[in-house]
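So the structure is just underneath, and the comments pick up after that.
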Amino acid sequence: MKTERINLFNWGGYPHHNCRIYHPETVEEIQELVRSKHSFIARGNGRCYGDSALSNRVISTLALNRILDFDPISGLIVCEAGVLLDTVLKKIVPAGFFLPVSPGTKFISIGGAFASDVHGKNQQVDGVFSDHVSYIKLVEPGGELVHLTPSDDLFRQTAGGMGLTGIIVEVALRLRRIESQMISQRSIKAKNLAEVFDLFEQNSGSTYSVAWIDGMARGYKLGRSILLLGEHAAQTDVANLKTRELHVNSKLNLPFYFPSWVLNPLFLKVFNWAYFTRPGSSGNGIIHYDSFFYPLDKIRHWNRIYGKKGFVQYQFVLPGAVAYEGIKHVLEVLSINQLWPYLAVLKRFGTSHEGRYLHFPMEGYTMSLDLKISQRLWAVLNQLDEVVSSLGGKTYLAKDARLGGKNFRKQYPVMPSIPPNPVFISHQQVRFQQMKKHVFLILGANSDIAKQTALLYLKKYPEGYLILASRDVQGLRAFIEESGIGGCSEAVPLDVENFAGHALFYSALSAKPNWVMYAAGVLYTNDECMGDAPKSARNTSVNFSAPVNLLNIAVDDNNPGLQRIIGMSSIAGLRGRKSNFQYGSAKAGFHQYLFGLRQDLKDRGVVVQAITPGRVNTKMTAHLPVHKRANTPEEVASAILQNTTTFEVYPNLFWRLIGMVVKYAPEVLIRKL
């Protein structure tokens, strides 16, 4: 099957991750992948907004793109998971059917629609997507293919389960019968948020309802809006209309990203005024279903309007009793911080499946806000998370790109009767499991340099958390107690020479590290290595093979938060010298590994650095002659924690010059060193 490694992102353009993506063409190939013991997440057409369909390894379902069966009498359609709703509409509308529930785009896969359990403008009447599914076929964590109906617990947990229970490969959907492809639309203007809430309640019997909100309106006009109500038009309603095509294809394409300055407050203010005051913004009319359900689909790649940094769609739901005050407060917070949503939409929700794990809808109101990414955005969204959580609301996971673990647990407290399996995990779920703000893992943390780095790290990052790993875990615990850092650090056992235990060590960590540093090492002379095979092997193992294996596991781990890898290298590894070529050869291998890893991880945004300190006064070098220009462990720690992304990090100019001499001096000079 086709496999590629690409910089992958979903519709919001944030976050990016360098993923290995597999393109199976059959269910059997998917089963084979699942049985390979790696972890995956399924991905359809990438129309979720954040990282719910990102992982180190991604299985694309787009090649499963066949409509397997369609009964024009009963209105049951059976599709493979990669079939897009656009393809389904082309098949069913001419036969007099429509989707029972549809989101705001027709370019999502039917498998993704079930995994996200999408809702539409008719949620308060017709529920969610899974309410109209007769059965699904799912590849379970063990690779088995199972047939599930609504009476099965696994069916219910997979509906809205964000791909964590398995890979959906087939969906049978019951369709809605219609008389025409047209929608009878009624548009009503609302002066403010209170008025549009009243209008929703007055028109609760309407099949479809949604409100466009002017996100820049303030004061009395806060939340001014246009409520759109819709019903499928009867044949008699459209008899006198000119012939309209049954299905509308996207006629425009945005081939490039807009510069970031194009979307600005002035542009938005003018657009919102024009949209609110335009002719036809209120009254009745007959429009094509494409204009009613999928107005943005008219422009392919419309997300590029937000520029290369992308955007966040912040969608949340609040219980009916607190929805008005809560949504008003959200709009006020955005206004105070001058963060204007370029699209704001309000919908009413009815009752839904409250007991399901990760199920989003609840009786109340949901608002969607499209916000351009900026540095100011994150702090404000964190504030809004607290508002939503405190009011008993939820964030929609199919749109989420940055919700923290604390608020996730508040918003989704219901645990599944069938817990998610580690075979299927997304970067979103990894993020939810991370309760620490920033984690620094130091391997070989009993070294003098490691300890000073740990202490300086906590001074520089007071909210950071240390995981200190060493064979001498008792010594580390004594260091933690003496240093008074017990509340923000922990000691864990690690024997770097026990290769068989490396993977288990990583899987048992209490948190995913943002930084990983390898600081273990041994220093043997040439004579010791040449005359003692076990020492020679240990020189290679501790200084080269062990760090390579440990860092390989760290890189392969499903950890989207990994930002930095630090390796303790040596000037001895820059070029072989007769005084220490045995030690230097192991360090040289590690140095080259780090440089290659740096190139490999650039697309993931991970910085890889080799700390090249020169002589350092530590217990490892205590037996060597005193060097008057030797560094202290504190000086090396300071160099490690400086804000630099260069590959080779030296503690000062002197040792940087020594490094250059070692690398570039002629051999006749090197022979004397």
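The values are calculated or read from the model by the stated rules, or taken from the named source; none is laboratory data. These numbers come from a predicted model, not from an experiment. A quick note on method: Cβ atoms are made from the backbone with ideal geometry, for glycine too, and the neighbour counts reach across all protein chains shown. Calculation scope for accessible area: heavy atoms of the full protein, side chains included, ligands and nucleic acids excluded. Shrake-Rupley method; radii C 1.70, N 1.55, O 1.52, S 1.80 Å.
If you roll a 1.4 Å probe over region 383-422 with all protein chains in place, what percent of the accessible area is carbon or sulfur? Walk me through the intermediate numbers first.
Working: 1040 of 1660 Å².
Answer for region 383-422: carbon and sulfur cover 63 percent of the accessible area.
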Can you list the aspartates and glutamates whose alpha carbon sits under 13 Å from that of K251, skipping same-chain ones fewer than 8 residues off? D290, D297
Rounded to the nearest 10 degrees, what's the angle between the helix 377-390 long axis and the longest principal axis of the chain, both from Cα atoms, 0 to 90? 60
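Normalised by the empirical 2.2 N^0.38 Å for globular proteins, what value does the Cα Rg of region 164-246 take? Display every interim value, and only then the final one.
Values: Rg = 18.2 Å, N = 83, 2.2 N^0.38 = 11.8 Å.
So region 164-246 has a normalised radius of gyration of 1.54.
If we sort 197-206, 152-161, 633-642 on the protection proxy, mean other Cβ atoms within 10 Å, highest first, what's the order?
Working: 197-206: 15.2, 152-161: 21.5, 633-642: 20.0.
Per-residue mean Cβ counts within 10 Å order the peptides as 152-161, 633-642, 197-206.
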How many nm is it between the label spots at L76 and K459, if each spot is 7 Å from the Cα in line with the beta carbon? 7.1
At the level of C-alpha centres, the distance separating region 524-590 and region 341-399, in angstrom, is 49
Compute the helix-to-body angle for 473-483: its Cα long axis versus the longest principal axis of the chain, expressed 0 to 90° and rounded to tens. 80
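Quick check for you: with a 1.4 Å probe and neighbouring chains kept, what is the accessible area per residue of the chain, in Å²?
Working: 28430 Å² over 673 residues.
Value returned for the chain: 42 Å² of accessible area per residue.
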Cα lying deepest toward the dipole's positive end in the chain, options Y49, F114, L339, charges on Cβ: L339
Report, in listed order, any pair from K512/K602; K91/K394; K106/K602; K191/K347 with a Cα-Cα distance greater than 24 Å. K91/K394; K106/K602
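When Lys and Arg each count +1 and Asp and Glu each count -1, what net charge do the other residues less than 14 Å away from P259, Cβ to Cβ, add up to? Don't skip to the answer; put the middle values down first.
Details: positive: R304, K308, K309, K372; negative: none.
So the surrounding residues net to +4.
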Could you tell me which trypsin sites (Lys or Arg not before Pro) in region 44-88 are loop residues by DSSP with no more than 14 other beta carbons within 10 angstrom of their beta carbon? R66
Centroid-to-centroid separation of region 460-513 and region 111-156 [C-alpha atoms, Å]: 42
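With charges set only on the Cβ (+1 for Lys and Arg, -1 for Asp and Glu), what does the dipole of the chain come to about its Cα centre, in debye to the nearest 20? Write down the numbers at each step before the final one.
Values: 73 positive and 55 negative charges, 481 e Å.
That gives a dipole near 2320 debye.
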Accessible carbon and sulfur surface of region 575-630 relative to its total accessible area, %, 1.4 Å: 55
Among V496, G393, S39, whose Cα projects farthest towards the positive end of the dipole of the chain, with charges put on the beta-carbon of Lys, Arg (+1) and Asp, Glu (-1)? V496
Quick one: how many Å² of D472 are accessible to a 1.4 Å probe, rounded to 10? 80
Spatial extent of region 376-503: Rg and Dmax, with the Cα atoms as the point set, Å: 18.5, 52
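Ranked by accessible surface with a 1.4 Å probe, highest first, in what order do M415, M216, M435 come?
In descending accessible area the options line up as M415, M435, M216.
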